[in-house]
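Reading through the structure tokens given below for one structure.
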Amino acid sequence: MPHRFPALIAAPAAGQQSLWLTNARLFDGTGGPIREDAAVLVDGGCIRRIGDAGDPCPEGARIIDLARRVLMPGLIDAHTHASGEVPAVAKGAEAPLPGTAAHFLQAELRGYLRLGVTTIRVCGSQGLMPQEARQAMRYGAFRGPRLLTCAKIISATAPGGRFYGDMYREADGPDDMRRAVREQVRAGADFIKVMTTGARSNELEDPEPLQLTDGELAAVVEEAHRLGYRVCAHAEGLDGCEAAIRHGVDTIEHGMYLHHRPDLLAAMAAGGQVLVPTLSGYYWMAGLGEVIDPAGAQARPDMPPMLAELAVHNLMEGAGTMRAASQAGVRIALGSDTNLAAGLEAQRMVHHGLDPAETLIAATRTAAEALGLADELGTIAEGKLADLLVVDDDPLTDIGVLADPARIHLVLQLGVPVAGALVPP
Ligand SMILES: [Zn+2]
């Protein structure tokens, strides 16, 4: 029995006007080819009917002629942090005030819609920031993507607890782990995130070993699943990956060395566990900015050299694992691990060898499955929520269209036009 999703409960009002989106080239996310000359009826925030461009416009609906543009599900970023990062201020300037970050988070959330991202899964943020932003969106303060949060990340007592502050809930021993899970549910979590290994973004943590005991990890997974919540594991080293896979964690984040263990990839494929490769996180730590092809690119890392070098190594490992996972039949979901970078992540996934169609599926259908929202999101099918994206060029031949706001024609959220060239600013 799945739990209630706070992210769905917090949905803003659905569109009142029926829309007939016609003359579309339809990429429905189910894995089939593009359907030419399609039309889609949107009503009451849902997809009501999929028809042909030759069909008459249903009574009462407003026609939107897409002039053979590609209509696809809204993008889902299955791993972001919604950090609301305040830029560094100059020496001597007033230090940022405690509430300033929330305004930057709002700006960031608005940005997602302009890039066609209609749902994000926040895998760690400070304090209650995601829940507060979600409440503001629910009651109409601004429009942003549907937001799933893990609330705080559950970790054994570790350096990360000091580095990342209010993003972590440190816990030790199975009972405390169980309590930590319940606390996240209490705080409005949509899923549970646990650190099975250290994080490559701080100099005091290693990717090895498994960072908590078997009994502690079992307690987290059992309690979350007992309550109907999915579990997402930060897993870098192979010990952490192995334990997460064995305990039935639902999504493995990073997992960059998994290509060295085909047996673990086979276990993931058999168990339906999803890999979220997060290539853009390595690009960021390596100081590669918005580069797609890292070969010969000028890097400007702002991390200590040891971590920047590790990031370059991890990028190659992670890309190799993404390809091996695809070959092994592991489901892959797109997660950028950075802000506003789903389109960039898609370009990087294609650059590193994932088929464009598979990449689009990773950003739509499989991402929805990873979130536990496959009945609501991720494909264009009757009865699904009308979170839709129309782009000027075919992403199967030009994946860069997903990272170019100038070529985003229309973004619908629950049937409401919220962004794109067709929507006045
Ligand atoms: Zn992350």
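The values are calculated or read from the model by the stated rules, or taken from the named source; none is laboratory data. Model, not experiment: these values are computed from the prediction. Cβ sites come from the backbone with ideal geometry, for glycine too, and all protein chains shown count toward neighbours. Quick note on the areas: whole protein, heavy atoms, side chains included, nothing else; ligands and nucleic acids left out. Shrake-Rupley method; radii C 1.70, N 1.55, O 1.52, S 1.80 Å.
Observations on the model:
- Carbon + sulfur, % of accessible area of the chain - ligands and nucleic acids excluded, 1.4 Å: 53
- Here the Gaussian network model covers the chain, with springs between Cα atoms less than 10 Å apart; of Gly15, Gly165, Gly124, Gly165 fluctuates the most.
- Taken one residue at a time, the phi angles of the range 265-276 give Karplus couplings (6.51, -1.76, 1.60, θ = phi - 60°) of 5, 5, 5, 5, 4, 5, x, x, 6, 9, 9, 10 Hz. Gly and Pro are set to x.
- Here the dipole of the chain is about 1020 debye; that uses its Cα centre as origin and unit charges on the Cβ of Lys and Arg (positive) and Asp and Glu (negative).
- Accessible area (Å², 1.4 Å probe, nearest 10) - Ser326: 30
- For the chain, with +1 on Lys and Arg beta carbons and -1 on Asp and Glu, the positive-most of Ala363, Val418, Asn314 along the dipole: Val418
- Evaluating 6.51 cos²θ - 1.76 cosθ + 1.60 at θ = phi - 60° for every residue in the range 19-34, the Karplus couplings come out as 10, 10, 8, 10, 6, 9, 9, 9, 9, 8, x, 8, x, x, x, 4 Hz, glycine and proline recorded as x.
- For the set His81, His234, His103, the ranking by accessible area, highest first and with no ligand, DNA or RNA atoms included, is His103, His81, His234 under a 1.4 Å probe.
- GNM result for the chain, Cα springs below 10 Å: residue of Gly400, Gly237, Gly92 fluctuating most strongly: Gly92
- Largest-first ordering by accessible area, 1.4 Å probe, given options Arg323, Arg186, Arg179, Arg169: Arg186, Arg179, Arg323, Arg169
- Computing FRET efficiency as 1/(1 + (r/R0)^6) for Ile63 and Asp302, where r is the C-beta to C-beta distance and R0 is 35 Å, gives about 0.10.
- Using a Förster distance of 51 Å, the FRET efficiency for Glu309-Asp37 (Cβ separation, nearest 0.05): 0.45
- Modelled spin-label separation between Ala95 and Ala421, with each label point placed 7 Å from Cα along the Cα-to-Cβ direction: 4.7 nm.
- Near Lys193, the amide H atoms lying under 5 Å from its own belong to Ile154, Cys232; only residues 5 or more places off or on other chains count, and H is placed 1.01 Å from N.
- Per residue of the chain, the DSSP helices (runs of n ≥ 4 H) give a summed -39500 (n - 2.57) that works out to -9500 deg cm²/dmol at 222 nm.
- Most to least accessible of Lys152, Lys384, Lys193, Lys91 (protein chains only, probe 1.4 Å): Lys91, Lys152, Lys384, Lys193
- For the range 346-425, the square roots of the Cα gyration tensor eigenvalues, ordered a ≥ b ≥ c, give a/c of at least 1.5 with a/b no greater than b/c, which places it in the oblate category.
- For the range 309-342, the residues whose amide N sits under 15 Å from a probe point set 7 Å from the Cα of Ala270 along the beta carbon direction are 328-330.
- For the chain, the solvent-accessible area works out to 39 Å² per residue, with a probe of 1.4 Å and every protein chain left in place.
- Charge tally in the Cβ shell below 15 Å around Ala341, where Lys, Arg are +1 and Asp, Glu are -1, Ala341 excluded: -4
- Neighbours of Leu385 by Cβ distance under 11 Å: Lys/Arg scored +1, Asp/Glu scored -1, total -1.
- Environment charge at Arg49 (Cβ cut-off 14 Å; Lys +1, Arg +1, Asp -1, Glu -1): -3
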